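Structure first, then comments.
The values are calculated or read from the model by the stated rules, or taken from the named source; none is laboratory data. Quantities reported herein were computed from a predicted structural model and do not represent experimental measurements. Cβ placement follows ideal geometry from the backbone for every residue including glycine, while neighbour counts extend to all protein chains displayed. Ligands, DNA and RNA are stripped out before the accessible areas are found, and what is left, the full protein with its side chains, is counted by its heavy atoms. Shrake-Rupley method; radii C 1.70, N 1.55, O 1.52, S 1.80 Å.
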Amino acid sequence: MPKLLALTGSPSPHSRTAVVADHVLRRLSHSGFETAHLAVRDLPAADLLAARRGEPEIRRALEAVAEADGLVIATPVYKASYTGLLKAFLDLLPQDGLAGKTVLPLATGGSLAHVLTIDYALRPVLAALGARHVTAGRFVLDSSVERGSGPDRLRPEAELDLFQAVDEFSEALRTAAAPALTSTP
């Protein structure tokens, strides 16, 4: 069973990005994947900013990335890009830190003006880190994340669009995990 890790780069303890990532993880878990969620904001800030890869929490986070078969990388959009918090963590990965991995990039933001953040800011970094396959990402408007007295949820149209991306990601993971067929001459 493939292991999946959601990596969220929001500095907010009440993150809409985390709500979206958790929706994705629930769907993937129901599909039989082993899932985990790593919120970068929970890592020790001093160790993260000083690139102390050997410190226990940073080391465990890097190991979780290394052990994952697939990653969901989710970030809010700040200043037309992914967060500096996520950048600080991605900078700790080795140059080939995503080699062989399938990645689903997600972004949340207040305006459709930021929809290209995935393709122009996040996707190039993921490719530079050696991701084997970066699937079609999704941008979710902040207004599509409904918060209130009950459980946080996504508006139905946003959830449908997000789950289409998750299903494509699942298929890419299953294809990558399938043994290569070899033909004998």
| message | One residue is enough: does the stretch 155-172 have a residue meeting the conditions farther than 19 Å from Thr8 by Cβ, in a strand (DSSP E or B) and touching a strand residue (DSSP E or B) at 6+ places or on another chain (Cβ under 7 Å)? | response | no
| request: Please list, ordered by first then second residue, the pairs with beta carbon atoms under 8 Å, 6 or more apart or interchain, first in the stretch 157-168 and in contact (Cβ under 8 Å) with a residue 24 or more places away in the chain and under 11 Å from Ser144 (Cα atoms), second open to solvent by 70 Å² or more (accessible area, probe 1.4 Å) and among the charged types (D, E, K, R). | output: Glu159/Arg153
| task | Could you list all residues from the stretch 90-109 that are out of contact with any strand residue (DSSP E or B) (no Cβ under 7 Å at 6 or more places or on another chain) and at negative phi? | result | Leu90, Asp91, Leu92, Leu93, Pro94, Gln95, Asp96, Gly97, Ala99
| note | Across the stretch 132-150, the tally of residues that are open to solvent by 20 Å² or more (accessible area, probe 1.4 Å) and not in a loop (DSSP other than H, G, I, E, B) stands at 8
| Lone unmet requirement of (1) under 23 Å from Glu63 (Cβ atoms); (2) out of contact with any helix residue (DSSP H, G or I) (no Cβ under 8 Å at 6 or more places or on another chain) for Leu92 | (2)
| query | Just checking, which of Asp152, Asp142 is acidic (Asp, Glu), within 20 Å of Val19 (Cα to Cα) and at pLDDT below 90? | reply | Asp152
